[in-house]
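For reference, the structure discussed in these notes is given below.
Rule-based calculations on the coordinates, nothing more; no lab input. Small disclaimer: the values here were computed from a predicted structure and weren't measured. Here Cβ is always computed from backbone atoms with ideal geometry, including for glycine, and neighbour counts include all displayed protein chains.
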Amino acid sequence: MVTVKLNLTLINQSGDEEFRIDIENSMSFEQMIDIIGIEKESLGMVIKNGRWTPIDCTVEANDKIELFPHLEGG
Amino acid sequence: MQKILRVDMTTGNIVTEERKEYQFLGGRALSSRIIYDEVEPTSEPLGKKNKLVFATGLLSGTIASSASRLSIGGKSPLTNGIKEANSGGTAGARLSKLGIQAIVLEGKAKSEDCYLLIVKKGEFSLEKINSLKYEGTYRTSALLRKDYGNKAGIICVGPAGERGLRGAAIAVMDPHGELKFAARGGLGAIMGSKGLKAIVIDDTESELVEYKDKDKFNEIAKEFNKKLANDPKTKDIYHNFGTTGIVKAVNSMGALPTNGFRYGSSEHVENICGEKLNETILSRGGEGKLAVSCMDVCAIRCSTVYPDEMGNKIVSTLQYENIELLGSNLGMDNLDSVARLNYEINDLGLDTIETGCALGVALDMGYGKFGSEEDCMALVNEIKRDTIIGRMLGNGAKITGQVLGSERIPVGKGQGFPGYDPRALKGNGVTYGMSTMGGDHTAGNCFGSRNAVDPLGTENQGELSRKLQIQIGTLDCIGLCMFARGPLFAEPNVLADIVNYKAGTKFDSETIWSIAEETIKIEREFNVRSGVSPADDKLPEFLYDEKLEPTNAVF
């Protein structure tokens with residue numbers, strides 16, 4: 001089971017804030033966002049298990065993923 | 001040619017001059033250049049030899065969005081080096097419409113009187129205004145607005161600046177009568193030390209903005225405005241959450257300073273995040289507002305008006321840095337407390353970041369409880385009552401930490417850290433240490449959602465910080481808001497063209513960055529001559545060995 005939490009405008013895009021996806025071993029990041037209905041271009045930041053992770057990471061069972069849209073600091 | 005307005009506070013003389021060598025300089029490039037050329041690097045920041053420069057940007061007063069920021073520079077009483085802080089508000093555009101490129105404030109009033117500088121078309125005067133001595137920024141600016149009209153550009157300091165507190169900011173009024181702040185570096189203490197309480201700028205019947213090619217400029221500026229307005233960050237993030245949309249992201253990265261930089265994430269994040277701010281403003285209604293502009297022309301509109309439960313305004317604007325330094329850093333679990341602290345600190349004319357850091361140090365040393373608005377407000381009231389403790393706090397995090405015997409003082413070159421713990425966002429640590437501006441969120445902020453550099457890693461942080469110091473510095477030198485960077489960094493040729501059609505320069509997509517490169521070089525040279533050494537580039541020791549939960553990162 002992978003838990004995916006969406007933030008800010010990504011919630012509007014997919015229609016839900018949190019997803020639980022059953023997987024046996026691993027899946028690609030693109031497969032995961034296909035399932036939850038998020039366009040890759042709208043993604044800005046991925047936090048996997050509490051750490052920043054490059055987009056295009058591999059997702060494994062029991063991972064906790066947080067997705068954010070494009071953001072900038074200041 | 002635009003003029004430099006020179007105001008000698010010692011003699012009261014005001015003169016204008018044209019300086020050809022400054023013709024193509026604006027914003028931070030101009031303020032830093034004047035300080036570099038005219039201020040002895042070893043001079044006392046609050047003494048008569050320091051100067052304070054109010055510089056307009058290269059695009060100021062035009063139709064270009066978010067391009068009329070006012071750059072204020074001097075030798076900082078916090079970093080002891082050169083410092084620039086810029087602000088929204090209407091003063092920058094008003095000065096440009098009067099044909100004034102910069103105001104240079106020199107000398108120091110001989111008496112204890114405080115003064116108002118009035119700048120009108122062809123008329124400049126200094127008047128005593130002792131009735132406003134030690135008045136808060138809100139009442140000061142409201143009274144001046146009443147006397148000089150809603151369209152006047154107004155700049156002022158609060159009691160903190162007049163008392164020479166090194167955490168003092170300079171307030172600049174926006175088109176709605178709200179205050180924005182050139183907050184960092186203690187520049188308000190320089191203005192106050194010279195005896196200048198406020199500046200009023202009336203640009204009635206004046207339209208002296210000069211263009212190399214106005215038609216082409218307007219054409220490209222309209223195109224840029226459209227792209228900026230349609231950028232998802234503008235319409236989806238800033239219009240709904242202001243700058244606070246990043247709170248949860250920084251928290252999830254483990255970089256959200258919490259309880260005096262003890263932790264990198266807050267258990268109360270859901271109550272102080274951008275989503276909560278949006279929900280609260282919309283549900284309370286009344287005077288609450290989202291998507292408020294801070295300049296005459298701005299598509300970004302990242303300001304907010306935060307209301308209480310009755311819908312009455314508490315403060316405008318509640319920004320990320322305020323929520324961070326006065327919120328999670330002080331252990332707060334609600335936005336109302338943050339807003340009330342924010343209002344009081346604004347009214348004193350203090351930098352919320354510096355003061356938030358100082359309060360965090362005081363709580364960390366046991367002078368109050370994290371999460372207690374009452375304890376924090378009691379400390380703020382010490383500043384208001386001008387007690388010794390208040391003076392300590394108002395002088396910023398470094399002095400507060402030294403007086404209280406803290407080993408954990410979150411400063412870079414003597415200036416309080418902004419809302420990103422450098423252990424979990426190491427690129428910002430490089431910026432806090434290495435940039436000419438010290439611990440500053442606008443000098444090369446490495447928080448960016450599509451950055452390819454692991455914020456916890458040690459690789460490529462220097463390159464990332466260097467690149468961003470130059471890129472953001474370029475916007476500072478043009479007078480553009482850093483939140484306009486999306487479309488401009490994507491198309492640097494547009495950035496170059498927009499400057500060329502306005503100012504008559506000959507930049508291209510490669511050379512446009514040289515404005516900041518040259519500026520940073522002279523700032524660094526000034527700092528070296530002022531006594532800022534490589535040892536000052538080092539961050540506080542606790543960051544190197546105290547693990548930051550939840551990532552357990554060290555710098």
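Here are a few things to note about the model shown:
- When the Cα positions of B:ALA496, B:SER266, B:ALA484 are compared along the charge dipole of chain B, B:ALA496 comes out farthest toward the positive end, with charges on each C-beta of Lys, Arg, Asp and Glu.
- Using a simple spin-label model with pseudo-atoms 7 Å out from Cα toward Cβ, B:GLU18 and B:ASN381 lie 5.8 nm apart.
- Taking only alpha carbon atoms, segment B:196-342 gives an Rg to Rh ratio of 1.09, where Rh is the Kirkwood radius.
- Relative to the Cα centre, the charge distribution of segment B:223-545, modelled as +1 at Lys and Arg Cβ and -1 at Asp and Glu Cβ, gives a dipole magnitude of about 420 debye.
- Couplings 3J(HN,Hα) of segment B:70-76, computed from phi: 9, 9, 10, x, x, 8, 6 Hz, in residue order, whole Hz [Karplus 6.51 cos²θ - 1.76 cosθ + 1.60, θ = phi - 60°; x for Gly and Pro].
- Electrostatic dipole magnitude of segment B:424-555 [Cβ: Lys, Arg +1; Asp, Glu -1; Cα centre; debye, to 20]: 260 debye
- Average projection area in nm² (convex hull over Cα atoms of segment B:223-545, one quarter of hull surface): 16.9 nm²
- Rounded if a/c under 1.5, otherwise prolate or oblate - the protein assembly as shown, Cα gyration tensor axes: prolate
- Burial ranking of peptide ranges B:247-259, B:164-176, B:329-341, B:309-321 (average Cβ count within 10 Å, highest at the top): B:164-176, B:247-259, B:329-341, B:309-321
- 3J(HN,Hα) from dihedral phi, segment B:272-284, Karplus parametrisation 6.51/-1.76/1.60, rounded to Hz, x for glycine, proline: 10, 8, x, 4, 5, 4, 4, 4, 5, 5, 5, 6, 7
- Under the simplified labelling scheme, the B:GLU287-A:GLU24 pair shows an inter-label distance of 6.3 nm, with each label point 7 Å from Cα along Cα→Cβ.
- Listed values for segment B:523-529 are Karplus-derived 3J(HN,Hα) couplings in whole Hz (6.51 cos²θ - 1.76 cosθ + 1.60, θ = phi - 60°), namely 5, 5, 4, 4, 4, 4, 5, and x replaces Gly and Pro.
- About the Cα centre, charge dipole magnitude for chain B (Lys/Arg +1, Asp/Glu -1 at Cβ), debye: 1000 debye
- Global size of segment B:409-543: 15.5, 49 Å for Rg and Dmax (C-alpha atoms, Rg to one decimal, Dmax whole).
- Shape call, chain B: gyration tensor on alpha carbons, a/c limit 1.5: rounded
- Averaged over the residues of A:50-57, the number of partner chain Cβ atoms lying within 10 Å of the residue Cβ comes to 5.
- Chain A shape via C-alpha gyration tensor axes, a/c threshold 1.5: prolate
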